[in-house]
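Below is one structure, written out as structure tokens, with a few remarks after it.
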Amino acid sequence: MSSKIRGLIAAPHTPFTSDGNLNLDMVDKQAAHFERTGVVGVFVGGTTGESLSLSHTERIQLIERWGAIGRNHNLRVIAHVGGNAVPEARELAKKSEDANVDGIAAMAPCFFRSASVANLVEFTRLIAEPAGSTPFYFYHIPSMTHVELPMVPYMETASKQIPTFAGLKFTHSDLCEELECASFEGGKYDVLHGFDETLVGGMAVGVRAAVGSTYNYAAPLYNTLMKAVENGDAETARSLQQKSAAMVRVIQRHGFMAGSKAIMSFFGVDCGPVRRPLESLLPAGIDALRADLETLGFFDWVAV
């Protein structure tokens, strides 16, 4: 794995059967779809993947399947191994390295929470340690963990104490902080932008890679957006970002997690229902979502 990532990394949905069991047979279809639509990698078992709603065994099985399949489709595989129980997270890290993934990531603990940068670095160091040959990314997502510590001091300390530290997945709206992270030590570390609907902003502060849920099905739109930014075409980039924002708002009206997962079935990749406490869409709701997306022009935007 090179030190810097460029392009779109999809946060794949965890596929379930209709009765809610893990459906690992669908992973190959997901991977083929990503390769076809211009995605360069996957961030497995994160928020979109319903990570903490999976059992420990399911998380291992999911990581192992993606580790086996990802390279067949030219995808980098970053496995999210974080959780509240350090022993389980350490085992997931080791299993991920054994599965030959390209990177691992962990978010902050969300029950008993880290109250200082030093504590958070030590928490993540313990998780990264068993995977001593695999790049480690901190998954910064305060909206879910409610741990909102400054990331530049985290990077300063983590880069000294975690030998495999490779960067951040930055899922936060503070573009000033994202700029500082992207510029840290001359841009040595990856900063992966985490909000799809503000990708233009992330690129404006120097980010060149992103992880997101809508890259599952709208990668062509975002790849065109990234090229527009790189070519200095601000008007096109802004127009495409407006389309992205409109798409996200439509999906949110139907329930973002369930709606996002349902959209995959429109492309022949049935990832099944969401897991409780999330609410899956009923057939009528899926039809209404499709109709709203058609009205928006979504299917033209994402055509390959």
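Worth pointing out:
- Positions within the stretch 31-48 being surrounded by fewer than 24 Cβ atoms within 10 Å (Cβ to Cβ) and not β-branched (Val, Ile, Thr), in sequence order: Ala32, His33, Glu35, Arg36, Gly38
- Of the residues in the stretch 235-258, not one is on the phi < 0 side of the Ramachandran plot and part of a loop (DSSP other than H, G, I, E, B).
- Among residues of the stretch 6-27, those that are in a helix (DSSP H, G or I) and surrounded by fewer than 15 Cβ atoms within 10 Å (Cβ to Cβ), counted: 1
Let's see how each residue does on (1) under 17 Å from Arg59 (Cβ atoms); (2) among the aliphatic types (A, V, I, L, M); (3) in contact (Cβ under 8 Å) with a residue 60 or more places away in the chain:
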position	(1), (2), (3)
Pro87	yes, no, no
Val101	yes, yes, no
Pro109	yes, no, no
Pro130	yes, no, no
Ile162	no, yes, no
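Condition check ((1) closer than 23 Å to His140 by Cα; (2) free of Cβ contacts under 8 Å to residues at least 60 places away in the same chain; (3) of a type in the set (A, V, I, L, M)) across all residues:
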position: Phe184; (1), (2), (3): yes, yes, no
position: Val205; (1), (2), (3): yes, yes, yes
position: Thr224; (1), (2), (3): no, yes, no
position: Glu230; (1), (2), (3): no, yes, no
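- Members of the stretch 30-62 found to be more than 19 Å from Thr17 (Cβ to Cβ) and part of a helix (DSSP H, G or I), listed by number: Ala32, Phe34, Glu35, Arg36, Thr37, Leu52, His56
- Residue under evaluation Lys188, criteria (1) part of a helix (DSSP H, G or I); (2) more than 24 Å from Glu294 (Cα to Cα); (3) among the basic types (Lys, Arg), criterion not met: (1)
- Residue in the stretch 210-235 that is farthest from Ala10 (Cα to Cα), counting only those that are touching a Leu at 6+ places or on another chain (Cβ under 9 Å) and surrounded by fewer than 20 Cβ atoms within 10 Å (Cβ to Cβ): Thr224
- Looking across Val117, Val121, one residue alone is under 24 Å from His193 (Cα atoms), among the β-branched types (Val, Ile, Thr) and surrounded by fewer than 24 Cβ atoms within 10 Å (Cβ to Cβ). It is Val117.
- Single match in Val44, Val77, Val39 (criterion: under 14 Å from the mean Cα position of the chain (by Cα) and within 15 Å of Val269 (Cβ to Cβ)): Val39
- The combined condition, being within 24 Å of Asp25 (Cβ to Cβ) and buried (at least 22 other Cβ atoms within 10 Å of the Cβ), is not fulfilled by Ala258.
- Among the residues of the stretch 1-40, those identified as modelled with pLDDT of 95 or more and over 20 Å from Gln61 (Cβ atoms) are Ile5, Arg6, Gly7, Leu8, Ile9, His33, Glu35, Arg36, Thr37, Gly38, Val39, Val40.
- For the stretch 278-289, taking the residues that are surrounded by fewer than 18 Cβ atoms within 10 Å (Cβ to Cβ) and touching a residue at least 12 places away in the same chain (Cβ under 8 Å), the one that is nearest to the chain's Cα centre (by Cα) is identified as Leu278.
- Restricting the stretch 84-121 to residues that are among the aliphatic types (A, V, I, L, M), within 20 Å of the chain's Cα centre (by Cα) and assigned to a helix (DSSP H, G or I) leaves a set whose member that is nearest to Ser133 (Cα to Cα) is Ala93.
- In the set Gly202, Gly132, only one residue is at pLDDT 95 or above and part of a loop (DSSP other than H, G, I, E, B); that residue is Gly132.
- For the stretch 143-159, a residue qualifies if it is in a helix (DSSP H, G or I) and either among the polar types (S, T, N, Q) or in contact with a Ser or Thr (Cβ under 8 Å, 6 or more places away or on another chain) (or both), and the qualifying residues are Ser143, Met144, Thr145, Thr157, Ala158, Ser159.
The values are calculated or read from the model by the stated rules, or taken from the named source; none is laboratory data. Everything quoted here is computed from the prediction, not taken from an experiment. No Cβ is skipped: glycine too gets one built from the backbone with ideal geometry, and neighbour counts run over all protein chains shown.
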